[in-house]
Amino acid sequence: DTEVTQTPKHLVMGMTNKKSLKCEQHMGHRAMYWYKQKAKKPPELMFVYSYEKLSINESVPSRFSPECPNSSLLNLHLHALQPEDSALYLCASSHGTGIYNEQFFGPGTRLTVL
Amino acid sequence: GENVEQHPSTLSVQEGDSAVIKCTYSDSASNYFPWYKQELGKRPQLIIDIRSNVGEKKDQRIAVTLNKTAKHFSLHITETQPEDSAVYFCAASYSGGGADGLTFGKGTHLIIQP
C-alpha cells in the first residue's frame, strides 16, 4: 500500500460538536503530519509526530487535539471549533529517518463548521 | 522560522512553451526543497525535489535548480501540456535525520493555453 488515506472525505459540524479526523498509512513511515489548507492558500503545518511522539506543535489552538495511537494511525480530535476553522485538513507521512524525508499527502478532509 | 517566497502567483503560457517558477527561502539551515502540484480538489502531489548537496535535478520534462548561496530554487517545465495546468507549490525544510514540517510558498497557478 503506497497511499495515505483519510476519513471522512467531508465533514460538517456545529460549533458545539466533537468529531475526529482519521489518517492511515501502511508504508512503514515513522513521521506523520497534520496540515490545514484554506482555499487558494498553501498548506500550513499544524502538528508533527515522530515515532508516535508529538515533536512539533505550531501553536495550534487547544480545540484541535492530535493523537497517534500507533505508527500507522493519526487522529485529529475537534471540539468547539469556530467557522474560521473551515478548511481542508491534510495528513501526510514520511520515512522520518535519515535523509528520506519526502512527504506524501492524503486526499484530505474538507471540514465545514457552521 | 523559515519563510518561502514564490513568484509569479499566476503564469500563463502557450502549450509547448516552457514555464519557470521561482522561490527564495530565508533559513540557511534548510536543506530539502520539494515541489508539489495540486489540481483543483485534489491532494498535493510531489513532482520533484532537491537536496542542498545538489545543484540541479531533472526528471523528463521537469527540472529543479538550486542556488544555495543566493537561497533560491526554481522549477522548470519544458514542452508544457494541458495536463500541466494546476497550482504548483515550492517548499523548504530541514532534514537533520528526523521529521520536519514543510514551509510552503504561496503557490503559482499555471495555466496552459491551447
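The values are calculated or read from the model by the stated rules, or taken from the named source; none is laboratory data. As the structure is a computational prediction, the values presented were derived from the model and not from experiment. Counting neighbours? That spans all protein chains shown, and the Cβs are built from the backbone with ideal geometry, glycine included. We work out accessible area using only protein heavy atoms, side chains counted, and drop any ligands, DNA or RNA first. Shrake-Rupley method; radii C 1.70, N 1.55, O 1.52, S 1.80 Å.
Remarks
- Gaussian network model of chain B, Cα within-10 Å springs - most flexible of B:Ser93, B:Ser74, B:Ser52: B:Ser52
- Positive-pole candidate from A:Ser93, A:His10, A:Pro69, dipole of the stretch A:4-112, charges at beta carbon: A:His10
- Average accessible surface area per residue within the stretch B:73-114, 1.4 Å rolling probe, Å²: 37
- The phi-based Karplus calculation (6.51 cos²θ - 1.76 cosθ + 1.60; θ = phi - 60°) puts the 3J(HN,Hα) values of the stretch A:36-46 at 10, 10, 8, 4, 6, 10, x, x, 10, 5, 10 Hz, whole numbers, x for Gly and Pro.
- Separation of alpha-carbon centers, the stretch A:39-114 and the stretch A:1-35, rounded to whole Å: 8
- For the residues of B:99-110, the average number of beta carbons from a partner chain within 10 Å of their own beta carbon is 6.
- Taking chain A, the Cys residues with no second Cys beta-carbon under 4.7 angstrom are A:Cys68.
- Cα-based reach from B:Lys68 at 12 Å (exclusive), listing aspartates and glutamates while leaving out same-chain residues under 8 positions away: B:Asp27, B:Glu56
- Of the trypsin sites (Lys or Arg not before Pro) in the stretch A:1-37, those whose Cβ has at most 13 other Cβ within 10 Å and which sit in DSSP loop: A:Lys9
- Given +1 at the Cβ of Lys and Arg, -1 at the Cβ of Asp and Glu and no other charges, the dipole of chain A around its Cα centre is 360 debye to the nearest 20.
- With θ taken as phi - 60° and the Karplus curve 6.51 cos²θ - 1.76 cosθ + 1.60 applied, the whole-hertz 3J(HN,Hα) list for the stretch A:16-30 is 9, 6, 10, 9, 9, 9, 10, 9, 9, 9, 10, 9, x, 6, 10 Hz, x standing for glycine and proline.
- Each eigenvalue of the Cα gyration tensor of chain A, multiplied by 5 and square-rooted, gives one semi-axis; in descending order these are 23, 14, 13 Å.
- Net charge dipole, the protein assembly as shown: roughly 460 debye, given to the nearest 20, about the Cα centre with Cβ charges of +1 for Lys and Arg and -1 for Asp and Glu.
- Total buried accessible area between A and B, probe 1.4 Å, nearest 100: 1800 Å².
- Within chain B, the proportion of Cα pairs with more than 24 Å between them is 20 percent.
- Accessible surface, per residue, of the stretch A:1-88 when the full set of protein chains is kept, probe 1.4 Å, Å²: 54
- Charged-residue dipole, Cβ positions (Lys, Arg, Asp, Glu), chain B about Cα centre, Debye nearest 20: 220
- Chain B: relative contact order as a whole-number percent, Cα under 8 Å and 6+ apart: 37
- With all protein chains in place and a 1.4 Å probe, the accessible surface of the protein assembly as shown carries 49 percent carbon and sulfur.
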